[in-house]
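Worksheet: one structure, shown below.
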Amino acid sequence: MPDIITAKSPVFWVIVFAGAVLPALALHGVAQVVVTLLVVAFVVIGIIRARRQHATAESR
């Protein structure tokens, strides 16, 4: 997995951005849950896509 999430990966930058910005927004309740789920969904989808691309590249 370390070779999938690198500084060039959009997933990496979403994690960094979320870690820096979300606490500053001070969201509460439903808004906090929705934003957190969106970030988690983006990260999971990004990791799945990166693993598929990595597996495809290795099979060639």
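General observations
- Single residue of region 1-30 satisfying the filter (part of a helix (DSSP H, G or I), out of contact with any helix residue (DSSP H, G or I) (no Cβ under 7 Å at 6 or more places or on another chain) and not small (Gly, Ala, Ser)) that is least open to solvent (accessible area, probe 1.4 Å): Val21
- Scanning region 36-60 for residues that are open to solvent by less than 60 Å² (accessible area, probe 1.4 Å) and in contact (Cβ under 8 Å) with a residue 12 or more places away in the chain yields Val39, Val43, Gly46, Ile47, Ala50.
- The selection criterion, being open to solvent by less than 60 Å² (accessible area, probe 1.4 Å), out of contact with any Asp or Glu (no Cβ under 6 Å at 6 or more places or on another chain), modelled with pLDDT of 85 or more and at negative phi, does not hold for Val33.
- Sole exception among (1) in contact with a helix residue (DSSP H, G or I) (Cβ under 9 Å, 6 or more places away or on another chain); (2) in a helix (DSSP H, G or I) for Leu37, by number: (1)
The values are calculated or read from the model by the stated rules, or taken from the named source; none is laboratory data. The model shown is predicted, which means the values in this text are computed figures rather than measured ones. Note that we place each Cβ from the backbone using ideal geometry, even for glycine, and neighbour counts take in every protein chain shown. Surface accessibility is based on the protein's heavy atoms, side chains included, excluding ligands, DNA and RNA. Shrake-Rupley method; radii C 1.70, N 1.55, O 1.52, S 1.80 Å.
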